[in-house]
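Shown next, in structure tokens, is the structure this report addresses.
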Amino acid sequence: MTDIYNVMNIAGKALMNQQKAINVTGNNIANVNTPGYSRQKLIVETSTPLQSGIGPMGDGAEAVRIERVYDRFLGVQINAETEALGQWEAQKDALAFIEAIFDESGDFGLSRSLNEFWTAWQDLSNNPSGYNQRVIVKAKSEVLVDTFHRMFSDLQNASQGIDADIEGAIEEINLLTREIADLNQKIMETESTGYSANDYRDKRDLAIKELSKMIDVNTFEDASGRVSVSVANGQTLVEGNTHWSLSTQMNVSGTRDVLWFDSAGNSVDITSDISGGKMKGWLEVRDVDIANYLGKLNDLVQTLANEINTLHSTGFGLDGSTGLDFFIGSTAADIQIDSAIVNNLDLIAAASTSVGVPGDNTNAIRIADLQHALMMNGNSSTFEGYYQSLVSEVGRKVQTTDASYDHQYEMVAQLENRRQSISGVSLDEEMMNLVKFQHAYDSAAKLIATADEMMQTVLNMI
Amino acid sequence: MRVTTNTMTDTLVRYLAMQNSQLFKLQQNISSQKRINKPSDDPVGMGKILNYRNNIATVDQYLDNIEQAKSRIEFSEMTLDMVDETLDVIRAISKTEATGTTTSRNIAADQVKDLYNQVVDLANSKFGQNFMFSGYQTDTPAYSHTVEISGGTADTINFGLSADSSNVTLKIQDNNGNVLRTLAPADIGPGSDGINNVVWDGRDDGGNLLADGLYIFTVEAFNASNDPVADYAVYNGDDGSVTYILGEGTRLSLDADGRNIFSPENPDGTPAGINIFEVLADLIYALENDDTSAIADQTKLLDRAHTQISEIRAANSPRMYQLETTEEFWSNYKPKLQELLAKTEEVDLNEAVMQLKNIELAYQTTLATAARIIQPSLLNFLK
């Protein structure tokens with residue numbers, strides 16, 4: 001039945017609707033810069049028409065629900081690409097530090113020390129019994145040994161720096177999983193009333209995206225709106241409102257492993273199962289790249305020490321002694337000049353026969369010749385050449401990682417733009433909506449005023 | 001596509017950041033004058049740079065070695081020149097004394113003795129800290145009356161005599177001239193014309209074993225008529241040579257065996273040329289004994305000695321030539337390496353500054369555009 005009260009009713013509903021719409025618009029405007037916010041729309045539907053004498057009559061509109069404008073598939077894509085971005089970013093940053101260790105652009109690195117080591121032996125060959133020449137051989141050898149030590153400890157520091165980053169990230173991951181679990185609970189409770197929990201969902205999506213950047217995760221949303229998150233080899237991080245933590249532990253090689261703890265408190269080592277995110281990037285640099293570079297450095301040291309020792313022990317010192325090694329130790333960490341030689345320079349074996357002492361310089365020449373000997377890389381490279389290609393290798397790795405990072409960054413930026421275009425708040429649009437709803441509000445208010453006057457007129461008729 | 005405010009601002013920020021980083025890179029290049037400031041700037045180029053630097057440093061070392069080799073040859077040449085001049089003086093004296101009266105011969109003998117000592121000193125010349133003509137035994141004088149004790153055993157005492165003598169006394173001294181042991185003729189036995197070897201147990205007069213080291217000895221010998229017999233020094237070195245590294249795989253060996261100059265020997269030890277010291281000692285003996293025919297003989301031998309030395313000096317000439325051509329080669333090679341290094345490593349300033357200007361322009365344009373786009377919004381126009 002349609003009457004004036006109905007008009008009031010319609011106007012009242014309209015007023016409420018526009019008020020709600022302005023509220024939603026206000027919310028959008030306030031959250032224009034909130035990260036992860038998806039704009040919300042008020043969904044208004046026409047009310048069920050009433051039966052009137054002349055057929056169905058519209059009964060105004062109802063605000064049905066508030067919807068967030070959101071592309072679910074895009075969200076999944078963004079998470080996946082953010083995971084890769086995290087990995088490249090972590091690798092890029094870690095490798096930049098390592099590149100500094102091999103930075104030879106200033107000419108103060110291993111390349112110079114190695115070259116001066118060889119020329120010192122040539123100087124010795126020009127005056128095998130000379131005290132100054134022996135002092136210089138010892139000094140240049142000490143510089144070489146110190147350079148090896150320094151590079152080793154720098155690589156160690158890089159490795160430890162990565163471990164510190166991993167520990168920090170683990171804490172962040174644990175915070176995020178706790179947040180996701182809490183939000184799961186809130187969303188489930190809110191949506192049990194039948195309405196979408198827009199703001200909580202936005203927050204949870206943001207948390208999942210940040211989590212993806214850290215470590216590779218799989219997510220699954222169940223019927224009641226809760227998301228379960230699993231990592232690496234299927235270990236659950238979040239299920240319902242419960243979350244499981246990750247932790248780290250020092251292993252035998254002095255680096256940290258990532259552990260997952262189940263409900264009973266048992267730990268599972270998931271380090272080798274991690275396949276994305278910053279964690280993967282860090283682990284890759286620490287366990288593959290640093291190990292590779294250190295391995296090559298150690299190869300260089302070991303072969304160099306071996307070859308020199310072999311020649312040196314067949315030679316004779318100024319005091320006639322023979323059979324002495326020049327270097328002790330065989331890795332970049334432990335190589336040293338034999339302490340007997342450090343204390344007595346006469347033991348440096350420049351001569352090749354005992355009767356040739358002191359003028360015979362054949363052994364010094366043999367050792368100096370090692371500079372050009374192809375001892376490395378399956379007998380195809382000199383010591384200097386081997387190090388040069390190691391430096392190039394580091395440079396290339398950094399270059400390709402930087403390029404991959406830039407590419408991935410652009411990719412994520414494009415996806416973000418797309419997300420913005422769907423879910424982002426456009427202030428101009430909201431301004432327009434504001435004007436639109438305000439006019440509608442004014443009109444609805446006018447409608448009420450009109451209905452009120454009509455009532456007055458009727459009452460005055462009596 | 002729906003473009004929101006955030007899309008525009010985010011994109012602008014990204015591009016500004018990109019241009020900033022390009023500007024930063026150029027700034028680094030220009031300030032350091034290098035195109036390659038880290039290995040990742042150009043990995044292959046970095047490897048080449050290290051290679052060039054190493055090569056340049058190695059070439060410097062070769063040039064250094066060549067300098068030293070040249071110095072040695074020059075010094076050797078100078079020394080032998082003085083030896084030759086001294087021998088010339090002796091030859092002149094000897095020619096004069098081959099004939100004539102006897103009164104001047106003793107004076108001549110003393111003169112030749114002094115000149116003999118000069119020649120011995122020249123034979124014992126040092127190059128730096130090392131004796132030049134002793135082969136590998138660079139810490140031992142080439143020709144001198146010295147004997148070494150090592151490991152508690154004394155070497156054989158070697159010396160030469162210009163005539164037979166059954167009255168030879170040896171006095172072994174330390175560096176300060178203190179006589180530590182006197183070996184009497186009875187201990188030594190008869191000495192013969194030429195090289196003599198005497199075994200010594202290394203003990204002093206009191207029977208104590210002396211410490212390891214080098215000792216000096218003097219020889220006093222008299223003939224049957226109790227006239228002095230001149231003695232001469234024997235070679236104490238070995239046949240070692242001095243080798244210099246002139247380049248990768250290129251070596252130059254300079255002979256350092258003094259015998260080849262002063263007392264050539266066959267491999268079996270028999271004399272193979274003129275023993276200059278023996279000739280001088282024989283000359284002294286002949287002068288002291290007025291033996292004119294012997295004097296004349298020694299004069300002829302001195303002529304041949306002059307030839308012997310000249311041949312040695314001539315042999316140095318091709319070696320010097322080799323050193324100079326090698327030096328020239330490296331001196332020409334080095335600037336080429338330096339040029340390659342510069343080309344690979346250094347930044348072309350003109351190009352870099354041009355690029356800087358371009359990017360600056362782009363940057364400023366982006367900033368200006370940003371200002372125009374992100375400022376106005378609908379709010380400015382709503383009343």
For this session: Note down the relative contact order for chain B as a percent, whole number, built from C-alpha pairs under 8 angstrom at least six residues apart.
Result: 24
Seminar exercise, completed: As a Kirkwood estimate from alpha-carbon pairs, the stretch A:71-196 has a hydrodynamic radius in angstrom of 20.0
For this session: Quick one: pull the percentage of alpha-carbon pairs in the protein assembly as shown with a separation above 35 Å.
Result: 70
Problem set entry | Distance from the stretch B:259-298 to the stretch A:124-177 (C-alpha centre basis), Å | 66
Exercise. What angle do you read, to the nearest 10 degrees and between 0 and 90, between the alpha-carbon axis of helix B:105-123 and the longest principal axis of chain B?
Worked result: 30
For this session: Provide the solvent-accessible area of A:MET8, counting protein heavy atoms only and rolling a 1.4 Å probe, rounded to the nearest 10 Å².
Result: 70
For this session: Mind ranking A:PHE108, A:PHE326, B:PHE24, A:PHE316 by accessible surface for me, highest first, 1.4 Å probe?
Result: A:PHE108, B:PHE24, A:PHE316, A:PHE326
For this session: Determine the relative contact order of the stretch B:145-232: mean sequence separation of Cα pairs under 8 Å and six or more apart, normalised by residue count, in whole percent.
Result: 43
Exercise. So how tilted is helix A:291-314 from the main axis of chain A? Cα-based, degrees 0 to 90, rounded to 10.
Worked result: 0
For this session: Using only Cα atoms, locate the centre of the stretch A:272-333 and the centre of the stretch A:32-65, then give the distance between them in Å, rounded to an integer.
Result: 75
Exercise. If you bin the C-alpha pair distances of the stretch B:1-109 every 5 Å from 0, what whole percents do you get?
Worked result: 2, 8, 7, 7, 7, 6, 6, 6, 5, 5, 4, 4, 4, 4, 4, 4, 4, 3, 2, 2, 1, 1, 1, 1, 1, 0, 0
Exercise. What figure in square angstrom, to the nearest 10, would you give for the accessible area of A:TYR200 with a 1.4 Å probe?
Worked result: 80
Problem set entry | Solution diffusion estimate, µm²/s, Stokes-Einstein, the stretch A:420-462, Kirkwood Rh from C-alpha pairs, 10 °C, viscosity 1.306 mPa s | 123
Exercise. How large is the Kirkwood hydrodynamic radius of the stretch B:145-232, in angstrom, based on all distinct alpha carbon pairs?
Worked result: 13.1
Seminar exercise, completed: Rounded to a whole number, the mean other protein chain Cβ count within 10 angstrom for residues of B:51-63 is 4
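Which FRET efficiency value, to the nearest 0.05, do you get for B:SER225 and B:LYS70 by plugging their Cβ-Cβ distance into 1/(1 + (r/R0)^6) with R0 = 56 Å?
Efficiency, rounded to the nearest 0.05: 0.60.
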Exercise. What pairs from A:LYS296/A:LYS397; A:LYS278/A:LYS397; A:LYS296/B:LYS25; A:LYS138/B:LYS48 go past 22 Å between their alpha carbons?
Worked result: A:LYS296/B:LYS25; A:LYS138/B:LYS48
For this session: Under 16 Å from a label point 7 Å along Cα→Cβ of A:GLU453: give me every residue in the stretch A:1-42 with its amide N that close.
Result: A:8
Exercise. On alpha-carbon atoms, Rg over Rh for chain B using Kirkwood Rh?
Worked result: 1.42
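Probe radius 1.4 Å, ligands and nucleic acids left out: which of A:LEU237, A:LEU324, B:LEU361 has the largest accessible area, and how do the rest follow?
In descending accessible area the options line up as B:LEU361, A:LEU324, A:LEU237.
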Problem set entry | Mean projection area, nm², convex hull over Cα of the stretch A:308-462 | 20.2
For this session: Please work out the C-alpha center-to-center distance from the stretch A:404-450 to the stretch B:70-99 and express it in whole Å.
Result: 109
Problem set entry | Percent of Cα pairs exceeding the 12 Å cut-off, where the set is the stretch B:121-174 | 73
For this session: Could you work out the equivalent-ellipsoid semi-axes for the stretch B:313-383, taking the square root of 5 times each eigenvalue of the Cα gyration tensor, largest first, in whole Å?
Result: 70, 7, 4
Seminar exercise, completed: Mean other chain Cβ within 10 Å across A:427-440 is 2
Exercise. Helix A:4-30: angle to the longest alpha-carbon principal axis of chain A, degrees 0 to 90, nearest 10?
Worked result: 10
Problem set entry | Point-charge dipole on Cβ atoms (K/R +1, D/E -1) for the stretch B:145-232, about Cα centre, debye to 20 | 80
Exercise. Near A:LYS203, which aspartates and glutamates are there with a Cα under 14 Å away, not counting those fewer than 8 places off in the same chain?
Worked result: A:GLU179, A:ASP182
Exercise. Across 5 Å bins from the origin, how do the percents of Cα pairs in the stretch A:273-334 run, short distances first?
Worked result: 4, 17, 16, 13, 11, 10, 8, 6, 5, 4, 3, 2, 1
For this session: Take the Cα gyration tensor of chain A, multiply each eigenvalue by 5, square-root it, and list the three semi-axes largest first, rounded to whole angstrom.
Result: 80, 21, 14
Exercise. Principal axis lengths of the stretch B:86-150 from Cα atoms, whole Å, largest first?
Worked result: 49, 24, 14
Problem set entry | Solvent exposure, largest accessible area first (probe 1.4 Å, DNA, RNA and ligands not counted), of B:TRP330, A:TRP88 | A:TRP88, B:TRP330
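The values are calculated or read from the model by the stated rules, or taken from the named source; none is laboratory data. Please read all numbers here as calculations on a predicted model, not as lab measurements. Cβ sites come from the backbone with ideal geometry, for glycine too, and all protein chains shown count toward neighbours. Heads up: the accessible areas ignore ligands, DNA and RNA and are worked out on the full protein's heavy atoms, side chains in. Shrake-Rupley method; radii C 1.70, N 1.55, O 1.52, S 1.80 Å.
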